[in-house]
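Contents: one structure, followed by commentary.
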Amino acid sequence: MSRRRVQLTAVVAVMGLLGVAAAAVAGGGGNRNVREHLTGYAETPLALSTSGFGDFKAKVRDDRIEYKLTFGQLEGDVTQAHIHFGSESQSGGISAFLCNQTNPAAPAGTPACATAPDLRSGTVEGTIEPSDVVGPAGQGIDPGQYGELLRAIRAGATYANVHSSKYPGGEVRAQLEGHHH
């Protein structure tokens with residue numbers, strides 16, 4: 001074998017190892033903490049100017065997501081909140097419920113978003129386990145496919161969204177950009 005071919009083979013081998021290492025970091029396991037601020041400006045397909053706001057904090061683990069969602073000053077009564085599967089400029093399907101006020105399709109055990117008489121602000125804490133993943137099957141995540149949801153979160157392809165009676169498609173939203181810890 002020529003010396004040049006040996007060098008090229010070595011370069012290709014190193015590049016291959018770097019690619020494997022990068023893929024392991026990008027999609028790998030480990031814990032991740034998420035802290036995001038929800039606003040109407042992040043809504044799609046159109047940004048909203050609303051007094052509503054929210055904060056979403058989560059500890060993303062290989063077997064569960066422990067979260068706390070706080071929201072306030074919504075312009076409509078809260079109806080539900082979810083983690084959706086979608087990139088920054090997309091509206092995507094529901095992957096998991098964070099809380100529910102009005103949707104009969106919410107899984108049993110989903111916490112209420114708020115309590116009367118104030119249905120425009122609230123704080124909800126909960127845990128999403130693999131059995132809580134509801135989809136979206138049409139986008140390639142079947143019910144219970146927690147690993148698929150984790151990969152989407154790690155890729156920055158999920159968002160938290162709080163829906164209200166005034167803005168049924170979502171009043172405040174934030175892309176989940178998790179950071180390794």
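The values are calculated or read from the model by the stated rules, or taken from the named source; none is laboratory data. Small disclaimer: the values here were computed from a predicted structure and weren't measured. Positions of Cβ are generated from backbone atoms using ideal geometry, with glycine treated the same way; all protein chains shown enter the neighbour counts.
Here are some residues: 63, 55. Which one is at pLDDT 95 or above, closer than 18 Å to residue 83 by Cβ, assigned by TED's automatic domain parsing to the domain that holds residue 165 and exposed (fewer than 12 other Cβ atoms within 10 Å of the Cβ)? Break it down into steps so the answer makes sense when it comes.
Values: 55 fails: exposed (fewer than 12 other Cβ atoms within 10 Å of the Cβ).
Residue meeting the stated conditions: 63.
For residue 4, indicate whether it is modelled with pLDDT of 50 or more, not assigned by TED's automatic domain parsing to the domain that holds residue 128 and not in a loop (DSSP other than H, G, I, E, B).
Numbers: modelled with pLDDT of 50 or more: yes; not assigned by TED's automatic domain parsing to the domain that holds residue 128: yes; not in a loop (DSSP other than H, G, I, E, B): yes.
Here the answer is yes, as residue 4 does meet what is asked.
Can you name the residue in the range 92-113 that is among the polar types (S, T, N, Q) and in a strand (DSSP E or B) and is also farthest from residue 79 (Cα to Cα) among such residues?
Of the range 92-113, the ones among the polar types (S, T, N, Q) are 95, 100-103, 110.
If we keep only those that are in a strand (DSSP E or B) as well, we get 95, 100.
Working: 95: 17, 100: 6 Å.
In this case the residue turns out to be 95.
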Q. If we scan the range 115-124, do we find a residue that is over 12 Å from residue 98 (Cα atoms), free of Cβ contacts under 8 Å to residues at least 24 places away in the same chain and in a helix (DSSP H, G or I)?
A. no
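Of everything in the range 99-113 that's farther than 18 Å from residue 145 by Cβ and of a type in the set (A, V, I, L, M), which residue is surrounded by the fewest Cβ atoms within 10 Å (Cβ to Cβ)?
Looking at residues that are farther than 18 Å from residue 145 by Cβ and of a type in the set (A, V, I, L, M), I get 108.
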